[in-house]
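Notes for the one structure printed next.
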Amino acid sequence: MTQKFAYLTIDDAPSPHMRQKVDFLLDKQIPAIFFCEGKKIEERPEPVIYAIQNGFVIGNHSYHHPAFSQLSLAECLVEIQQTDVIIEQIYQQAGIRLPVRYFRFPYGDKGGQVGNYPITDYHAEGSRRKHAIQQQLKDLGYRQPEFPNITYPYYREAGLLADADWYWTFDTFDWSVFSETPMYGITSLEAVYARIAEDKPEEARGLHFPHSEEIVLIHDHENSTEIFWPIVNRLVETGLQFKLPDELV
Ligand SMILES: [Zn+2]
């Protein structure tokens, strides 16, 4: 078993089951960052306040969860800023000072996918847009922690550690299990387990690779709550020890 540190990031919160997830993680002493959608926080603030008061970190995952490449730059800014205000307010309601500003793009779409270019390979217009949105984030105080122990060459070469937003090194594909458009045939918990067991560090399946920490992506979706518990348990059994970024400890 490879024991190593990892960061647990939970996207698309808050669902109606977020509070249960917080209790589960508390029981297991697993810290996590919930990347929340502004609109959902407005509709369901209680579990977000509960998470903050119990030491979890709330990040900004936009207001409506759009694909940023399909928005104008002005619309991108509204998505970020509206949610920024909501998160600031929810921390105030929780009676806790906002510790840091973290952002994750919906679908990992940094806004530069103009045309059929892969996520890390932009042409000129895409590159211009991507950098403009990165600047919007920086101007609002968003930044990624330093991750000196994320060592994957593909990740560094793509510039993912230099950006203001958080990306991920391992996607559990939990979202695919109950999706109408599953990817890579991942339609069962067993298929998620099989992905966790893979040993392909250069292809974003490196949980057994001892030389890099991981940023793990899982979701707070209502329809996949039943597989949230066993997936997190399996990640821990695999040897991941979850922690918060050093700047928060
Ligand atoms: Zn999302």
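The values are calculated or read from the model by the stated rules, or taken from the named source; none is laboratory data. Please read these numbers as outputs of a predicted model, since none were measured by experiment. No Cβ is skipped: glycine too gets one built from the backbone with ideal geometry, and neighbour counts run over all protein chains shown. For the accessible areas, the whole protein counts, side chains as well, though only heavy atoms, and no ligand, DNA or RNA atoms are used. Shrake-Rupley method; radii C 1.70, N 1.55, O 1.52, S 1.80 Å.
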### Summary
Within the stretch 169-228, of all residues that are in a strand (DSSP E or B) and touching a residue at least 40 places away in the same chain (Cβ under 8 Å), the one farthest from residue 13 (Cα to Cα) is 214
### Pairs with Cβ under 7 Å, 6+ apart, first in the stretch 23-45 and without any contact (Cβ under 8 Å) to a residue 60 or more places away in the chain, second assigned to a helix (DSSP H, G or I) and among the hydroxyl-bearing types (Ser, Thr, Tyr)
38/83
### Task
Output yes when any residue across the stretch 92-107 is small (Gly, Ala, Ser) and within 16 Å of the ligand (Cβ to nearest atom), and no when none is.
no
### Residue check for residue 196: in contact with a Leu (Cβ under 9 Å, 6 or more places away or on another chain) and at pLDDT 95 or above
yes
### Task
Answer with yes or no whether residue 14 is away from the ligand (no atom under 16 Å from the Cβ) and either within 19 Å of residue 222 (Cβ to Cβ) or touching a Cys at 6+ places or on another chain (Cβ under 6 Å) (or both).
no
#### Entry: Extreme residue, farthest from residue 248 (Cα to Cα), among residues of the stretch 9-28 that are touching an Asp or Glu at 6+ places or on another chain (Cβ under 9 Å) and open to solvent by less than 30 Å² (accessible area, probe 1.4 Å)
15
### Pairs, first at pLDDT 95 or above in the stretch 232-246, second assigned to a strand (DSSP E or B) and open to solvent by 50 Å² or more (accessible area, probe 1.4 Å), C-beta under 9 Å, six or more apart
240/5; 241/5; 242/5; 243/5
### Query
For the subset of the stretch 191-223 comprising residues that are within 16 Å of the ligand (Cβ to nearest atom) and under 16 Å from the mean Cα position of the chain (by Cα), which member is most open to solvent (accessible area, probe 1.4 Å)?
221
### Query
Yes or no: residue 31 open to solvent by 30 Å² or more (accessible area, probe 1.4 Å), away from the ligand (no atom under 16 Å from the Cβ) and touching a strand residue (DSSP E or B) at 6+ places or on another chain (Cβ under 8 Å)?
yes
### Message
Within the stretch 38-61, does at least one residue satisfy the condition of being within 15 Å of the ligand (Cβ to nearest atom), in contact with a Ser or Thr (Cβ under 6 Å, 6 or more places away or on another chain) and not acidic (Asp, Glu)?
### Response
yes
### Message
Give me the residue from the stretch 83-107 that is β-branched (Val, Ile, Thr) and open to solvent by 10 Å² or more (accessible area, probe 1.4 Å) and, out of that set, farthest from the chain's Cα centre (by Cα).
### Response
96
### Query
Could we say that residue 179 is of a type outside the set (A, V, I, L, M, F, W, C) and open to solvent by less than 30 Å² (accessible area, probe 1.4 Å) here?
no
## Note on the structure
Taking first residues from the stretch 91-108 that are under 26 Å from residue 135 (Cα atoms) and second residues anywhere that are away from the ligand (no atom under 14 Å from the Cβ) and open to solvent by 60 Å² or more (accessible area, probe 1.4 Å), the pairs with Cβ under 6 Å that are 6 or more apart or on different chains are 98/88
### Summary
residue 49 vs (1) open to solvent by less than 20 Å² (accessible area, probe 1.4 Å); (2) in a helix (DSSP H, G or I); (3) hydrophobic (A, V, I, L, M, F, W, C): all pass except (1)
### Query
What number of residues within the stretch 67-81 satisfy the criterion of being open to solvent by 20 Å² or more (accessible area, probe 1.4 Å), within 16 Å of the ligand (Cβ to nearest atom) and not small (Gly, Ala, Ser)?
2
